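K.L.:
Pasting a structure here, questions to come.
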Amino acid sequence: MTPDPALLQPLLDLLAQTDGWTWLRVLVAAAFYACALVAVGGVLFGQVFGHHPGLHRAAGLRPLVPAAAGLALALLLLQWPLQAGFLGGGTWAAAFDPGLLALVFDGATGQRLLLAGSGLLLLQAFWIVSGRWRGPAAAASLLGAALVLLAFTQVGHSTGEPRALLAALLLLHLSAVAFWIGALIPLYRISGPPQLGEPATRVLQRFGLVAAPVVAALIVAGLWLAWRLLEGWAPLLHSAYGLVLLLKLTVLGLLLGLAGLNRWLLVPALVAHAPRARPRLRASIGCEMLLVALILLLTAFLTTTASP
């Protein structure tokens, strides 16, 4: 059974209208989301699972978080002239026009730049989180993570009414997303070396338990935000925004399926020392990373090009 072409027309029209400058903004936004959430999620993962020194080193959190935060900061700053260029007709001359740059900075985008930039700078403290000043560094990292997440509530659908409820739900949704995304690289790394043995399998098992309420919060908050934003479910099939969101939910369903496969089959197989359990688990986590990248790309496309 083939889908009705008329249902896809809003999406096809949107794609036809999307120019090269807009695609550049989409790609930079998606890369920023990925780096910022990896940095924030790495901090959260370290707070929950990073107390074993050997695992902390194997997970690579100490270099990962500041590196991701630094790249996210560069991408955040790049979004400033890209937005100015968009307002000026999609040219590099407009991107560096002082008047347009000031106009962008004076709005909600400027608030987001200040909040996210401050948070990403604080995340650099994670370099010393296992050193002499571990307590202050951990506090600075958590504050930085909170500021980055808060920055996401300064633009987009969270600025509607009721503002406080929408912002709170978005923060809950983003915290769950960040924790999951930030865990993928550390979990991939610790699931590789066989010498980590029992400590690694304990973390993998515990992550499955901790991730259950995290995923529940992600789904509930995300669905409520989508329903509130679309004012019902009918626009899912009758608007470009709804169609992209529907595709995003489909990819999320695949991601949840892989998460369930890991928890109920692959991690128990690793614990039982089943043949090829380790490479299969790592392959599954790698597929999760690819699906997350696609979800972030679709999210960036939604926030950059479409409105409900």
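The values are calculated or read from the model by the stated rules, or taken from the named source; none is laboratory data. Treat the numbers as computed from the prediction; the structure is a model and nothing was measured. Glycine gets a Cβ as well: all are built from the backbone with ideal geometry, and neighbour counts include every protein chain shown.
K.L.:
Considering PRO275, PRO268, which residue is at pLDDT 90 or above, more than 21 Å from the chain's Cα centre (by Cα) and not acidic (Asp, Glu)?
P.N.:
One residue alone meets the criteria, PRO268.
K.L.:
List the residue pairs whose Cβ atoms are under 8 Å apart, where the first residue sits in the range 215-226 and is touching a residue at least 60 places away in the same chain (Cβ under 8 Å), the second is crowded, with 17+ Cβ neighbours inside 10 Å and assigned to a helix (DSSP H, G or I), and the two are 6 or more positions apart or on different chains.
P.N.:
LEU225/HIS157; LEU225/LEU166; LEU225/LEU169; LEU225/LEU170; LEU225/HIS173
K.L.:
Among the residues of the range 141-172, count how many are modelled with pLDDT of 70 or more, surrounded by fewer than 20 Cβ atoms within 10 Å (Cβ to Cβ) and small (Gly, Ala, Ser).
P.N.:
Total satisfying the criteria: 4.
K.L.:
Just a yes or no: is a residue in the range 57-75 at pLDDT 95 or above, of a type outside the set (Gly, Ala, Ser) and farther than 22 Å from ALA31 by Cα?
P.N.:
There is no residue in the range 57-75 that is at pLDDT 95 or above, of a type outside the set (Gly, Ala, Ser) and farther than 22 Å from ALA31 by Cα.
K.L.:
Identify all residues within the range 270-286 that are out of contact with any Ser or Thr (no Cβ under 8 Å at 6 or more places or on another chain), in contact (Cβ under 8 Å) with a residue 12 or more places away in the chain and surrounded by fewer than 16 Cβ atoms within 10 Å (Cβ to Cβ); write none if there are none.
P.N.:
Passing the criteria: only GLY286.
K.L.:
Identify, please: which residue in the range 123-140 is surrounded by 18 or more Cβ atoms within 10 Å (Cβ to Cβ) and farther than 24 Å from THR299 by Cβ and is, among those, modelled with the lowest pLDDT?
P.N.:
Step by step, filter the range 123-140, then rank; the result is VAL129.
K.L.:
Turning to a different aspect of this structure: Please count how many residues of the range 287-308 are more than 18 Å from ALA183 (Cβ to Cβ) and buried (at least 18 other Cβ atoms within 10 Å of the Cβ).
P.N.:
Residues meeting the conditions: 10.
K.L.:
Could I ask something else about it? Which residues, taken from the range 253-269, are under 12 Å from SER191 (Cβ atoms) and surrounded by fewer than 18 Cβ atoms within 10 Å (Cβ to Cβ)?
P.N.:
ALA269
A quick yes/no check of all residues on (1) modelled with pLDDT under 75; (2) farther than 14 Å from ALA176 by Cα:
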site: ALA200; (1), (2): no, yes
site: VAL210; (1), (2): no, no
site: PRO213; (1), (2): no, no
site: VAL220; (1), (2): no, no
site: LEU230; (1), (2): yes, yes
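K.L.:
Continuing with the same structure: Does ALA183 count as touching a residue at least 24 places away in the same chain (Cβ under 8 Å) and closer than 21 Å to ALA36 by Cβ?
P.N.:
Criteria met by ALA183.
K.L.:
Scan the range 52-82 for residues that are surrounded by 16 or more Cβ atoms within 10 Å (Cβ to Cβ), in contact (Cβ under 8 Å) with a residue 24 or more places away in the chain, part of a helix (DSSP H, G or I) and over 21 Å from the mean Cα position of the chain (by Cα) and jot them down.
P.N.:
Within the range 52-82, LEU55, HIS56, ALA58 qualify.
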